[in-house]
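Engineer: Before anything else, here's the structure in question.
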Amino acid sequence: MSVINITNENFEEEVMQSNKPILLDFWAEWCGPCKMIGPIIDEISKEQDAVKVGKVNVTDAPELAEKFGVQSIPLLLLMKNGVPVAHILGYKPKKAILEMLASYM
């Protein structure tokens, strides 16, 4: 499954009504660590069928960043049934992200 661009307009449908857990990547174009983790997030979206993957550009959707108290990016937030259950702040290797996902699947 490819990465979904999460916006204010599709947040309710794609995240809150998702029947799968969803990994949200809060990022911005100007963020160096975000650019480093981006390809890892893309790989995970193609390899993991049990989880949806979405990216939230905090520049384009500051309301969503505020809603989840995002103060630093990149922030990976795992949501299940519309509720945040785990997060990773800053750049982490793929193995650490997969371990977080596995512990909540």
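The values are calculated or read from the model by the stated rules, or taken from the named source; none is laboratory data. These numbers were taken from a predicted model, which means no experiment stands behind them. Cβ atoms come from the backbone with ideal geometry, glycine included; neighbour counts cover every protein chain shown. Remember, those area values only see protein heavy atoms, side chains included, never the ligands or the DNA or RNA. Shrake-Rupley method; radii C 1.70, N 1.55, O 1.52, S 1.80 Å.
Engineer: When the residues of region 6-25 are filtered to those that are among the acidic types (Asp, Glu) and touching a residue at least 24 places away in the same chain (Cβ under 8 Å), which remaining residue is surrounded by the most Cβ atoms within 10 Å (Cβ to Cβ)?
Structural biologist: Narrowing region 6-25 to residues among the acidic types (Asp, Glu): 9, 12-14, 25.
Add one more test, that the residue is touching a residue at least 24 places away in the same chain (Cβ under 8 Å), and what stays is 14, 25.
On the way: Glu14: 17, Asp25: 26.
Checked region 6-25; the qualifying residue surrounded by the most Cβ atoms within 10 Å (Cβ to Cβ) is Asp25.
Engineer: Related question: Return the pairs, sorted by first residue and then second, in which the second residue is open to solvent by 50 Å² or more (accessible area, probe 1.4 Å) and in a loop (DSSP other than H, G, I, E, B), the first residue lies in region 61-89 and is in contact (Cβ under 8 Å) with a residue 40 or more places away in the chain, the beta carbons are less than 6 Å apart, and the residues are 6+ apart or on different chains.
Structural biologist: As it stands, the answer is Ala61/Asn8; Glu63/Asn8, since those pairs meet every condition given.
Engineer: Can you confirm whether region 26-39 contains a residue that is open to solvent by 80 Å² or more (accessible area, probe 1.4 Å) and within 14 Å of the chain's Cα centre (by Cα)? Outline the logic, then answer.
Structural biologist: Of region 26-39, the ones open to solvent by 80 Å² or more (accessible area, probe 1.4 Å) are 29-30, 35-36.
From what's left, within 14 Å of the chain's Cα centre (by Cα): 35.
Yes, region 26-39 contains a residue that is open to solvent by 80 Å² or more (accessible area, probe 1.4 Å) and within 14 Å of the chain's Cα centre (by Cα).
Engineer: May I pose another question? Can you list the helices (runs of 4 or more DSSP H) found entirely within region 10-105 that contain at least 3 residues being among the small types (Gly, Ala, Ser)? Spell out the reasoning first.
Structural biologist: Working: elements: 32-47, 62-67, 94-104.
In region 10-105, 32-47, 94-104 are the helices (runs of 4 or more DSSP H) which contain 3 or more residues that are among the small types (Gly, Ala, Ser).
Engineer: Sort out which residues of region 40-50 are buried (at least 17 other Cβ atoms within 10 Å of the Cβ) and out of contact with any Ser or Thr (no Cβ under 7 Å at 6 or more places or on another chain), and write them in order of number. If you could, list the steps in order and put the result at the bottom.
Structural biologist: Taking region 40-50 first, the residues buried (at least 17 other Cβ atoms within 10 Å of the Cβ) are 40-41, 44-45, 48.
Hits for region 40-50 are Ile40, Ile41, Ile44, Gln48.
Engineer: Here is a further query. From the list Val15, Val53, Val83, Val70, which residue is in contact with a helix residue (DSSP H, G or I) (Cβ under 6 Å, 6 or more places away or on another chain) and of a type outside the set (Lys, Arg)? Write out each step before concluding.
Structural biologist: Numbers: Val15 fails: in contact with a helix residue (DSSP H, G or I) (Cβ under 6 Å, 6 or more places away or on another chain); Val83 fails: in contact with a helix residue (DSSP H, G or I) (Cβ under 6 Å, 6 or more places away or on another chain); Val70 fails: in contact with a helix residue (DSSP H, G or I) (Cβ under 6 Å, 6 or more places away or on another chain).
Step by step, each of Val15, Val53, Val83, Val70 is checked, and only Val53 is in contact with a helix residue (DSSP H, G or I) (Cβ under 6 Å, 6 or more places away or on another chain) and of a type outside the set (Lys, Arg).
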